[in-house]
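For reference, the structure is listed below as structure tokens.
The values are calculated or read from the model by the stated rules, or taken from the named source; none is laboratory data. Remember, it's a predicted structure, so these values are computed and weren't measured experimentally. Note that we place each Cβ from the backbone using ideal geometry, even for glycine, and neighbour counts take in every protein chain shown. Ligands, DNA and RNA are excluded from the accessible area calculation, which covers all protein heavy atoms including side chains. Shrake-Rupley method; radii C 1.70, N 1.55, O 1.52, S 1.80 Å.
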Amino acid sequence: MTGIDAHTHLDAGRFDPDVFRQGDDLGIGLFLCSNIGAFIAHPGLDEVRAMNRALVAELRRHPDRLRGYCYVNPRYGRDSLDDLRRNVEDEGMVGIKLWIATLADDPLCDPILEYAAERRLIVLAHAWRKTVGRFPYESTAEHIAAAARRHPEVRFVMAHLGGQAESAINTVRDVPNVAVDTSGTIIGTGEVALAVERLGADRVVFGSDLHHVDLAANVGKVLGAGLDADVSDRVFGGTMSRWLAEVAA
């Protein structure tokens, strides 16, 4: 089975090929990637389009190793949806990246999520509960759960186990179209094991958050979670492989 990293980013507009060599050593053969540029919370429409064009260039450069999430700023309405359609239908992107331009359950996201349901796209949604330093439109597990209940046909991946793992897992536990990824500097083996125990193996997927963190460390914390071999296979790529096969061509 090919391992799949469901959460990576470009770094300064490129994907470092050295990561592929490291992935070969660690059993990770495919990387799902977005481009959030200079980490501006509310990038302009031209910036968003340029970020997605840069990602398209990397997808073309590494077609066997990369798949793309289209970054969307829902505040641009029809223009955002048009850019998403172009990148999915013409460039083969397989999902959507929602970051911190709006909350995940903002009605501005509804047209984006309706399109995601139509195409069976994977929606990677940032979520992080913070005591201090939270961005104005930074979603928490509550926002992800609300959006997922409103759009039950959309497959969400809540990034970073929600940033506060136990409470976030409990929040989405009864929302079956929400999975979680294992990325995040505060996430360790215990949080991975807890997510599998409470959500089931098919709702936990491996993600690293490259290029900002170490791939080996992120693989290690899943290996160290004491998962059965079948469960580990599903987390490391079996579930994501099935979802990718369902994305409309």
Please list, by residue number, every one of the GluC sites (Glu not before Pro) in the range 1-105 that is coil in DSSP and has at most 16 other beta-carbon atoms within 10 Å. GLU91
Given the options SER183, SER232, SER208, which has the most mean-square fluctuation in a GNM of the chain, springs set between C-alpha atoms less than 10 angstrom apart? SER232
Cleavage-rule hits, trypsin sites (Lys or Arg not before Pro), the range 41-135, DSSP coil, Cβ neighbours within 10 Å at most 15: LYS130, ARG134
Working out 0.36 nm times the residue gap between ASP230 and ALA57, then minus their Cα-Cα distance, what length gain in nm do you get to one decimal? 58.7 nm
Report the calculated FRET efficiency for GLU89 and GLU197 (r = Cβ-Cβ distance, R0 = 30 Å), to the nearest 0.05. 0.15
I'd like the distance between the alpha-carbon centres of the range 215-249 and the range 70-86, rounded to an integer number of Å. 29 Å
Per-residue ellipticity at 222 nm attributable to helices in the chain (runs of n ≥ 4 DSSP H, -39500 (n - 2.57) apiece, nearest 500 deg cm²/dmol) works out to -12000 deg cm²/dmol
Using R₀ = 22 Å, calculate the FRET efficiency as 1/(1 + (r/R₀)^6) where r is the Cβ-Cβ separation of ASP46 and ALA248; round to 0.05. 0.20
Starting from the residue with the highest accessible area, list HIS160, HIS143, HIS212 in decreasing order, probe 1.4 Å. HIS212, HIS143, HIS160
FRET efficiency (ASP11, GLU118; Cβ distance; R0 22 Å; to 0.05) is 0.10
How much of the accessible area of the chain, in percent, comes from carbon and sulfur atoms when a 1.4 Å probe is used? 49 percent
Name the most mobile residue of MET51, MET93, MET158, meaning the one with the largest mean-square fluctuation, in a Gaussian network model of the chain with Cα contacts below 10 Å. MET51
Could you calculate the contour length gain from ARG78 to ASP174, that is, 0.36 nm times the residue separation minus the distance between their Cα atoms, to one decimal place in nm? 31.3 nm
Prolate/oblate/rounded call for the range 26-71, Cα gyration tensor, a/c under 1.5 rounded: prolate
So LEU108 and ASP214, fully extended at 0.36 nm per residue minus their Cα-Cα distance, gain in nm 34.7 nm
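Using unit Cβ charges (K, R positive; D, E negative) and no other charged atoms, how large, in debye to the nearest 20, is the dipole of the chain about its Cα centre?
260 debye
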Please give the charge dipole size of the range 1-116, origin at the Cα centre, charges +1 on K and R Cβ atoms and -1 on D and E Cβ atoms. Round to the nearest 20 debye. 200 debye
Among (1) 81, 59, 34; (2) 52, 49, 34; (3) 46, 37, 35, only one was calculated for this model; which label is it, if the read-out is Cα extents along the principal axes in Å? (3)
Which of ASP46, ASP105, ASP82 fluctuates most in a GNM of the chain (C-alpha springs under 10 Å)? That residue is ASP46
